[in-house]
Amino acid sequence: MNEVLVSLWYIMGLWPLVYSMILLPTGRSSKSNIPVWPFLILSCFGGAYALLPYFVLWNPPPPPVEETELSRWPLNFLESKLTAGLSDFFVISY
């Protein structure tokens, strides 16, 4: 067997560790009643598929947005009726 495939197979075992480092702080800071730790333990055996039910049940807090951010360049252009009309035109024409 190719050594690259073997090394990739071993590296795939690190993904549950990466997900654990990302999800533990967010699970503790969320106001959800769903604990993260059972899904992280199951992800060691089932991979990312074991995390899918947690992502379905998790309700993350909305990001803080200030009023001044809503009227600045990217958002006011992307939310305009002109942009919506142009995107509809290009979607329909193709």
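The values are calculated or read from the model by the stated rules, or taken from the named source; none is laboratory data. Being a predicted model, the structure only gives us computed values, none of them experimental. All Cβ positions, glycine included, derive from the backbone under ideal geometry; neighbour counts span all protein chains shown. With ligands, DNA and RNA removed, areas are computed over all heavy atoms of the protein, side chains included. Shrake-Rupley method; radii C 1.70, N 1.55, O 1.52, S 1.80 Å.
Observations
- Of note, PHE90 does not satisfy the criterion of being open to solvent by 90 Å² or more (accessible area, probe 1.4 Å), in contact with a helix residue (DSSP H, G or I) (Cβ under 7 Å, 6 or more places away or on another chain) and more than 21 Å from MET12 (Cβ to Cβ).
- With respect to the conditions (1) within 13 Å of the chain's Cα centre (by Cα); (2) open to solvent by less than 90 Å² (accessible area, probe 1.4 Å); (3) over 30 Å from GLU79 (Cα atoms), ILE22 falls short on a single one, namely (2).
- Output for the stretch 32-63, where each listed residue is without any contact (Cβ under 8 Å) to a residue 24 or more places away in the chain, small (Gly, Ala, Ser) and in contact with a helix residue (DSSP H, G or I) (Cβ under 6 Å, 6 or more places away or on another chain): ALA50
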